[in-house]
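Novice: Take this structure, written in structure tokens, and hold onto it; I'll ask about it next.
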Amino acid sequence: MSTSVIAGFALGFSLILAIGAQNAFVLRQGLRREHVFVLCLTCAVSDAILIAAGVAGFGSLATAAPWFEPMMRYGGALFLTWYGLRSLASAWRGGAALEVGEAKRTSLRAALLTVLAFTWLNPHVYLDTVVLIGSISAQYEDRMGFAIGAMFASFVFFFSLGYGSRVLSPIFARPRAWQVLDVLIGIVMLAIAWKLVAM
């Protein structure tokens with residue numbers, strides 16, 4: 001395995017490791033065991049597309065189109081605020097225990113639209129993947145290897161998060177645990193939204 005691939009994997013994994021809206025949603029769906037494979041694949045493929053765009057030299061998009069960054073920032077903040085308030089409202093109503101068949105299932109379409117919004121309406125995703133990974137890849141002779149390493153990191157992370165969350169299933173058999181998770185998710189979403197607006 002080349003140095004470029006390892007460097008790309010290390011950078012990609014470190015950037016995606018931080019708890020964010022997308023990760024919190026994948027964790028929640030993993031705990032509920034709803035559409036896990038499709039959602040993990042969607043997140044990883046989305047990252048791969050953005051990384052490829054960055055390495056291919058599209059990192060200057062924000063400079064070429066000054067309207068792009070504020071549009072993504074405020075659009076993302078609105079969506080995160082809505083989802084954060086929805087999570088807090090769910091916690092207020094009371095957590096739903098992790099019982100197969102009892103909790104209302106999220107449709108595949110709704111889950112996909114949500115995770116796509118978390119991915120593509122988040123301006124930090126463009127900064128991390130397109131701009132940062134794209135610019136750092138220029139320092140390596142094997143840029144394709146660097147990109148492959150970063151893409152592989154996304155696949156490893158999301159599938160580990162989605163399926164690894166099942167280890168926590170016994171804890172989330174209790175409604176109180178879901179209330180705590182919903183509160184934490186709501187706070188994370190609102191904090192990110194505030195950070196976007198305050199930039």
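The values are calculated or read from the model by the stated rules, or taken from the named source; none is laboratory data. Everything quoted here is computed from the prediction, not taken from an experiment. Because the Cβ atoms are built from the backbone with ideal geometry, glycine has one as well, and the counts that use them run over all protein chains shown. Just so you know, the surface numbers come from the protein's heavy atoms only, side chains and all, with ligands and any DNA or RNA stripped out. Shrake-Rupley method; radii C 1.70, N 1.55, O 1.52, S 1.80 Å.
Novice: How many nm is it between the label spots at residue 163 and residue 180, if each spot is 7 Å from the Cα in line with the beta carbon?
Specialist: Each label point is offset 7 Å from its Cα along the Cβ direction, giving 2.7 nm.
Novice: What whole-number value in Å² describes the accessible area per residue of segment 128-199 for a 1.4 Å probe? Kindly include the intermediate steps, with their values, before the conclusion.
Specialist: Values: 3790 Å² over 72 residues.
Dividing the accessible area of segment 128-199 by its residue count gives 53 Å².
Novice: Rank 128, 182 by accessible area, highest first, at a 1.4 Å probe radius?
Specialist: Accessible-area ranking of 128, 182, largest first: 128, 182.
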